[in-house]
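The values are calculated or read from the model by the stated rules, or taken from the named source; none is laboratory data. Predicted model, so just to flag it, every value in this text is computed and none were measured. Heads up, the Cβs are rebuilt from the backbone with ideal geometry, glycines too, and the neighbour counts pull from every protein chain shown.
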Amino acid sequence: MSRNLEIPQGKRSKLYRFFEILPGAISYTAIILLFILSWVNPVIGAIYLFIIIASTLVKAIGIAFRSVQGYKVIKRAESVDWRARMEDLSSPHEAYERVRNNNDKSYHFEEHVENLKFMTAMSKEYPNPQKVYHIVIMTAYNEGIEILSPSIQAVSQNSFPNDRIIFVLAYEERGGEVMEQIAKSLKSTYKDTFRDFLTIKHPANLRGEVIGKGPNLTYAGHAVAEYAKKKHLPTENIIVTSLDSDNHMHPKYLDNVAYEFVAHPNRQRLSYQPVSLFMNNIWDAPAPSRIIAVSNSFFNIITTMRPHVIRNFASHSQPLQALEAMDFWSKRTIVEDGHQYWRSLFFFHGDYDVLPIRIPIYQDAVIGDSLWETIKAQFVQVRRWDYGASDVAYVGTRLFTPRDKRIMPFWRLFPKFWRLLDGHVTLAIMAPIVAFGGWVPMIMNISSHDMVTYNLPNIVSIVETFAAVGLIITIIISLRILPKRPPKYRKSRSLLMLLQWILMPLTSILYQSLAAFYAQTRLMLGFYMERFDVTKKVIKK
């Protein structure tokens, strides 16, 4: 693979440093500019603020609409018998004749009929559904059996045949002897559950690697590629899914992914992105962690309804053949999941897409040994996600490069770059400006009697009230996607699930804004985050 696709280590070029500094510079400038404009002319400051607040209202309306739409689509996708549709792909002509006149209104049915029609006409270009295999790589560092075993069990309960699933436990040598014994125990327990159960130990301190999940995944990827060849498996028909240790896969996920893999002619240049829902232990988590978990779940629900902005996040699936060609995941970033989108996009010279899979994979909300430990662990997790701002430099240097050296056309890449940059800047500035911005023009002109300045806090409050409608809709839907309340909790716990949203402004500033500023400031100063701080997994008895 071309070295041009790797993240630089050590000293960066001037252009690369410029783009590393850019997100933080814009974020700080946006905050400071409000004070400067308000001091120069309170009306100009008010207009600047109102433009930002108005954009919040527009986004809130979009969030409300996409939340409702996404929730309905996920429920419809979950109700589909993806195993039966996979069987249809095995004999597309017969299936097409059977279903083409059906008045079926279920999710994706019209697309299913079209897929059968095209496969009937061009059957030789499609893989045999009975020869599609899944390799599931679950990474582990120091998690216990009580965390790992339910995740493995969830994979084993998929509707996809277990005799075509190879499960891989990719564990770290850094986990020590305890992790070694856990790996052996799990292999003994599940060795007869799947076609094969592999344990692959990633050596510590390999040169050119950050301490993170990417190097572990890539090391395991090389091993499973060799395994597939040795076992004479059709590597062009193998789908690899990366899985975190706390991920509980929906029973229909693997069949849904396999279906889309078979049905799309451009299958090798697609990755398949499920909806990540942080709901495994949501009833056990304290209020701040619950808000972050539900908010991020809704972000993923909304994103799945916007295919033009969707990128890899957390667990995702990609064909083995494509992964092997691009040397799997990056070993130089702690945000290997989001970075995998850009890595794949540039490797395939822009001919690459992320296909939304509207089937969820459930993850844990953050829980520590105490409330304070939870608050700290949650901040560590969010700041790691926000370090995705490091991709601004990775993309920007490939965008603003001489035409003859560009990997893909400027005007195709620029909108993607703009959304990436805008997303990280918005994360940093929106919460504090919405919370306190209305007071800035008045404070900077305390002796002024200008009516616009004086009434600005009230005007902002009215706009925020309308924007709160989106939050209310989100809260209502959040109560519907919650798993059933465990018997150990009283009904009063459900009331707390509603009252917790009072903390939303505080959590937005702490976990959205401060975490984003933290990550962007480190990039500005060249203090790179090169260690994946593993979020401790705690199970409440």
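Out of Gly70, Gly62, Gly45, which single residue is touching a Leu at 6+ places or on another chain (Cβ under 6 Å) and part of a helix (DSSP H, G or I)?
Within the list Gly70, Gly62, Gly45, the selection yields Gly45.
Out of curiosity, is Ser185 in contact (Cβ under 8 Å) with a residue 40 or more places away in the chain, assigned by TED's automatic domain parsing to the domain that holds Asn247 and surrounded by fewer than 21 Cβ atoms within 10 Å (Cβ to Cβ)?
Yes: the conditions hold for Ser185.
Hey, any hits in the stretch 501-515 for a residue that's within 25 Å of Lys331 (Cα to Cα) and surrounded by 14 or more Cβ atoms within 10 Å (Cβ to Cβ)?
The answer is yes, given that some residue of the stretch 501-515 is within 25 Å of Lys331 (Cα to Cα) and surrounded by 14 or more Cβ atoms within 10 Å (Cβ to Cβ).
Of everything in the stretch 299-327, what is in a helix (DSSP H, G or I), in contact (Cβ under 8 Å) with a residue 60 or more places away in the chain and touching a strand residue (DSSP E or B) at 6+ places or on another chain (Cβ under 9 Å)? Give them in sequence order.
Ile301, Thr304, Leu320, Gln321, Leu323
Of the residues that sit in the stretch 233-273 and are small (Gly, Ala, Ser) and closer than 26 Å to Val534 by Cβ, which one is modelled with the lowest pLDDT?
Selected residue: Ser245.
Being in the same structural domain as Leu503 (by TED's automatic domain parsing) and modelled with pLDDT of 95 or more is the requirement here; does Leu345 meet it?
For Leu345, the condition - in the same structural domain as Leu503 (by TED's automatic domain parsing) and modelled with pLDDT of 95 or more - is not met.
Looking for something of a type in the set (Lys, Arg) and either more than 20 Å from Met249 (Cβ to Cβ) or loosely packed, with under 14 Cβ neighbours inside 10 Å (or both) - is there at least one such residue anywhere in the stretch 153-172?
Among the residues of the stretch 153-172, not one is of a type in the set (Lys, Arg) and either more than 20 Å from Met249 (Cβ to Cβ) or loosely packed, with under 14 Cβ neighbours inside 10 Å (or both), which makes the answer no.
So which residues in the stretch 399-413 are assigned to a helix (DSSP H, G or I) and touching a helix residue (DSSP H, G or I) at 6+ places or on another chain (Cβ under 6 Å)?
Leu399, Leu413
Looking at (1) on the phi < 0 side of the Ramachandran plot; (2) of a type in the set (Gly, Ala, Ser); (3) surrounded by fewer than 21 Cβ atoms within 10 Å (Cβ to Cβ); (4) over 14 Å from the mean Cα position of the chain (by Cα), which one does Ser295 not meet, given that it meets all the others?
In the conditions (1) on the phi < 0 side of the Ramachandran plot; (2) of a type in the set (Gly, Ala, Ser); (3) surrounded by fewer than 21 Cβ atoms within 10 Å (Cβ to Cβ); (4) over 14 Å from the mean Cα position of the chain (by Cα), Ser295 misses (4) alone.
Go through the residues of the stretch 68-78 one by one and say whether even a single one is farther than 30 Å from Val240 by Cβ, among the aromatic types (Phe, Trp, Tyr) and either surrounded by 14 or more Cβ atoms within 10 Å (Cβ to Cβ) or modelled with pLDDT of 90 or more (or both).
no
Here are some residues: Ala46, Ala60, Ala95. Which one is surrounded by 15 or more Cβ atoms within 10 Å (Cβ to Cβ), touching a Ser or Thr at 6+ places or on another chain (Cβ under 7 Å) and in contact (Cβ under 8 Å) with a residue 12 or more places away in the chain?
Testing whether each residue is surrounded by 15 or more Cβ atoms within 10 Å (Cβ to Cβ), touching a Ser or Thr at 6+ places or on another chain (Cβ under 7 Å) and in contact (Cβ under 8 Å) with a residue 12 or more places away in the chain leaves just Ala46.
In this structure, does Val262 turn out to be more than 24 Å from Ile145 (Cβ to Cβ) and surrounded by 17 or more Cβ atoms within 10 Å (Cβ to Cβ)?
Considered against the rule, which asks whether it is more than 24 Å from Ile145 (Cβ to Cβ) and surrounded by 17 or more Cβ atoms within 10 Å (Cβ to Cβ), Val262 comes out as yes.
Can you name every one of the helices (runs of 4 or more DSSP H) wholly within the stretch 80-199 that holds 2 or more residues which are more than 25 Å from the chain's Cα centre (by Cα)?
So the answer is 82-90, 92-99, 109-121, 176-190.
For the stretch 469-498, give me the residue count where each residue is touching a residue at least 40 places away in the same chain (Cβ under 8 Å) and either over 19 Å from Gly423 (Cβ atoms) or in the same structural domain as Ile292 (by TED's automatic domain parsing) (or both).
15
Can you name the residue in the stretch 322-355 that is under 14 Å from the mean Cα position of the chain (by Cα) and closer than 18 Å to Val240 by Cβ and is also surrounded by the fewest Cβ atoms within 10 Å (Cβ to Cβ) among such residues?
Top of the filtered list is Leu355.
Inside the stretch 15-37, can you point out the residues that are out of contact with any Leu (no Cβ under 8 Å at 6 or more places or on another chain) and either under 20 Å from Phe436 (Cβ atoms) or modelled with pLDDT under 95 (or both)?
Once the filter is applied, which keeps residues that are out of contact with any Leu (no Cβ under 8 Å at 6 or more places or on another chain) and either under 20 Å from Phe436 (Cβ atoms) or modelled with pLDDT under 95 (or both), the stretch 15-37 yields Ser27, Tyr28, Thr29, Ala30, Ile31, Ile32, Leu33, Phe35, Ile36, Leu37.
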